[in-house]
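Reviewing the structure listed below.
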Amino acid sequence: IVVTPTFTNSGVTCMGLSDTFTISINPIPAVVVPLDQVVCNNSQTADVFFSSSTAGTTFTWENNDTTIGLTSTGNGDILSFTATNTTNLPIVATIAVMPSFENGGVSCDGDTVFFTLTVNPTPSVDSSIDQIICSGTTSDTVQFTSSFGVVGTIFNWTNDNTTIGLSASSGSGNIGSFTGLNVGNA
């Protein structure tokens, strides 16, 4: 802005020396909301790169659940890390991201955005009891259990010898009783 002082008297205008100054308006930065992530226990997360249409924006973030293996606060992007979950339920950590733009000693903060990092637990299966039966007799039902108790665990199994009478080569859930077959002599 250029300011020029003038004084008019009796039809004569006198001008003084001009003064120049600036008024800078900093933008309010926005951050592109990162995608939510879901990973398994002991798996690597994807890198989280923050972005904004305002060049020069910096980012700080806060994590509300450090048990997933991520610190409580940080600056800049979140690089891949090994996620952890020692419980039997999913852990959902909410990450708050705050954008900031600084110019001329004045910092302008944008709206905080949120995304989640969910770490699923590791399911387990208890050891099943081996069975030895005679050909032509019925096996016991095999019921799969997990003492760790991850809710929603599905037990998938494969059978490498369908000639024993269990004709399915794979399945999901418990194995029902079946009549054992052995047409050989061993």
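The values are calculated or read from the model by the stated rules, or taken from the named source; none is laboratory data. Nothing here was measured: the structure is a model prediction, and the numbers come from that model. Cβ sites come from the backbone with ideal geometry, for glycine too, and all protein chains shown count toward neighbours. We work out accessible area using only protein heavy atoms, side chains counted, and drop any ligands, DNA or RNA first. Shrake-Rupley method; radii C 1.70, N 1.55, O 1.52, S 1.80 Å.
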With all protein chains modelled, accessible area of Trp61 [1.4 Å, Å²]: 20
For the range 18-126, divide the Cα radius of gyration by the Kirkwood radius and give the resulting Rg/Rh value with two decimals. 1.18
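Checking the a/c ratio against 1.5 first, then a/b against b/c, what shape does the Cα gyration tensor give for the range 65-186?
Working: a/c = 5.27, a/b = 4.35, b/c = 1.21.
Prolate shape, in that a/c is at least 1.5 and a/b is the bigger ratio.
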Quick calc: nm separation of the 7 Å Cα→Cβ label points for Asn185 and Asp160 -> 2.6
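Of the peptides 31-41, 3-13, 101-111, how do they stack up when ordered by the mean number of other Cβ atoms within 10 Å, highest first?
Numbers: 31-41: 15.4, 3-13: 7.8, 101-111: 12.6.
Going by the mean number of other Cβ atoms within 10 Å, highest first, we get 31-41, 101-111, 3-13.
Classify the range 5-49 as rounded, prolate or oblate, taking a ≥ b ≥ c as the square roots of the eigenvalues of its Cα gyration tensor: rounded when a/c is under 1.5, otherwise prolate if a/b is larger than b/c and oblate if not.
prolate
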